[in-house]
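One structure is given below, encoded as structure tokens.
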Amino acid sequence: MLCICLIILFLLITNSSIVISGASYGLMLWYKNILPMLLPFMLISELIVNYISNKNTQKTNSISSIGTTILLGVLCGYPVGAKTCADFVKRNSYSKKTGNLLLPLCNNSSPMFISGYIVYRILNERLSLGTVLLIIYAPYIMYITIILLCRCITQNKTKRDSKLESIPLSITISNQQTTAPHNKALNNYLINVITQITLVGVYIMLCSIAIEFINCIPNITVPFSQIISGTIEITRGVQDISAINILEEKIKIALIISLTSFGGISSILQTKMVIENTGLSIIYYTVVKIICALLSYVCCILFI
């Protein structure tokens with residue numbers, strides 16, 4: 001590990017122009033696009049999570065927590081969906097098993113990003129927003145449906161004694177009191193959210209530097225460098241893919257949509273950051289994201 005760190009340090013020192021270029025691009029991307037769009041959503045989601053978690057009826061709290069996770073996750077995108085899920089798990093609003101089930105579905109690119117950036121700017125409205133959303137979300141809906149059916153069958157066979165254990169989402173009603181304070185000060189909310197949004201910017205900057213180094217590799221060919229870029233950070237990667245002239249149009253569209261579904265390594269790092277100390281599995285989340293991204297690619301090739 002020390003050797004790897006020393007090698008990375010040597011590369012950074014000897015290629016300062018690449019580092020500055022990548023860092024500048026990543027930080028400007030965060031400042032102009034991510035910060036103004038994401039910060040309000042993160043603050044509002046924090047307030048909503050705290051309000052719902054402090055409701056008196058635990059059963060209602062569990063059901064409303066799941067609904068809120070899905071709503072905020074789908075509407076707000078990365079990493080608000082993961083943060084909302086992690087917050088509810090920390091407050092025992094639902095179980096870790098339920099959290100792992102919801103996490104891939106609720107932590108995706110937001111409709112605002114897909115509409116304004118992917119559909120309008122990158123695809124030039126060659127596909128409608130509804131079509132793109134259907135291709136992206138259909139694999140996740142299939143995934144969660146299959147998991148719920150499997151759990152229902154298992155629970156009906158092995159857990160007939162308890163009605164609560166047959167709930168598909170495995171909602172856990174905790175008898176413990178939540179450790180979160182009921183009257184959390186506004187400045188604590190702000191500090192928590194600002195810390196997280198700053199770390200998001202750091203991850204985007206680091207991924208942008210990595211992309212700059214990849215683009216400087218002499219023997220790497222088009223379109224592999226663009227695909228690798230998109231795998232690391234989708235905002236820059238899909239733009240590079242859209243500019244490739246040697247690929248068939250259908251393949252380019254399929255790559256753009258599948259990478260949008262995957263979210264990139266940057267989004268995985270952001271997700272890992274917000275689910276720390278919750279027991280949620282980043283490995284399980286990543287595997288599901290990869291599978292769903294591949295399915296989105298296949299859907300594009302077959303039906304577009």
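The values are calculated or read from the model by the stated rules, or taken from the named source; none is laboratory data. Keep in mind it's a predicted model, so treat the numbers as computed, not measured. Cβ: placed from backbone, ideal geometry, glycine included. Neighbour counts: every protein chain shown. Side chains are part of the model used for accessible areas, which takes the heavy atoms of the whole protein and leaves out ligands, DNA and RNA. Shrake-Rupley method; radii C 1.70, N 1.55, O 1.52, S 1.80 Å.
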Exercise. Regarding ASN124, is this residue modelled with pLDDT of 85 or more and on the phi > 0 side of the Ramachandran plot?
Worked result: yes
Problem set entry | The lone exception for LEU103 - which of (1) of a type outside the set (Phe, Trp, Tyr); (2) at pLDDT 90 or above; (3) in contact with a His (Cβ under 9 Å, 6 or more places away or on another chain) it fails | (3)
Exercise. Which of the residues that make up the stretch 274-286 are assigned to a helix (DSSP H, G or I) and surrounded by fewer than 23 Cβ atoms within 10 Å (Cβ to Cβ)?
Worked result: ILE282, ILE283, TYR284, TYR285, THR286
Exercise. Any idea how many residues of the stretch 66-94 are among the polar types (S, T, N, Q) and part of a loop (DSSP other than H, G, I, E, B)?
Worked result: 2
Exercise. If you go through the stretch 95-107 one residue at a time, do you hit one that is β-branched (Val, Ile, Thr), under 24 Å from TYR189 (Cα atoms), in contact (Cβ under 8 Å) with a residue 12 or more places away in the chain and assigned to a helix (DSSP H, G or I)?
Worked result: no
Exercise. Quick one: which of ILE228, ILE244 is in a helix (DSSP H, G or I) and either over 30 Å from VAL74 (Cα atoms) or of a type in the set (Val, Ile, Thr) (or both)?
Worked result: ILE228
Seminar exercise, completed: Selection from the stretch 90-138 of residues under 21 Å from TYR51 (Cα atoms) and either of a type in the set (Phe, Trp, Tyr) or open to solvent by 10 Å² or more (accessible area, probe 1.4 Å) (or both) yields LYS90, ARG91, ASN92, TYR94, SER95, LYS96
Problem set entry | Residue list for the stretch 211-225, restricted to those being aliphatic (A, V, I, L, M) and either more than 14 Å from ASP240 (Cβ to Cβ) or part of a loop (DSSP other than H, G, I, E, B) (or both) | ILE217, ILE220, VAL222
For this session: Give me the pairs, please: first residue somewhere in the stretch 1-26 and closer than 18 Å to VAL202 by Cβ, second residue anywhere and among the hydroxyl-bearing types (Ser, Thr, Tyr), beta-carbon distance under 6 Å, and either six or more positions apart or on two chains.
Result: GLY22/SER208; TYR25/SER208; GLY26/SER208
For this session: Please indicate, with yes or no, whether at least one residue in the stretch 252-273 is modelled with pLDDT under 90, of a type in the set (S, T, N, Q) and open to solvent by 20 Å² or more (accessible area, probe 1.4 Å).
Result: no
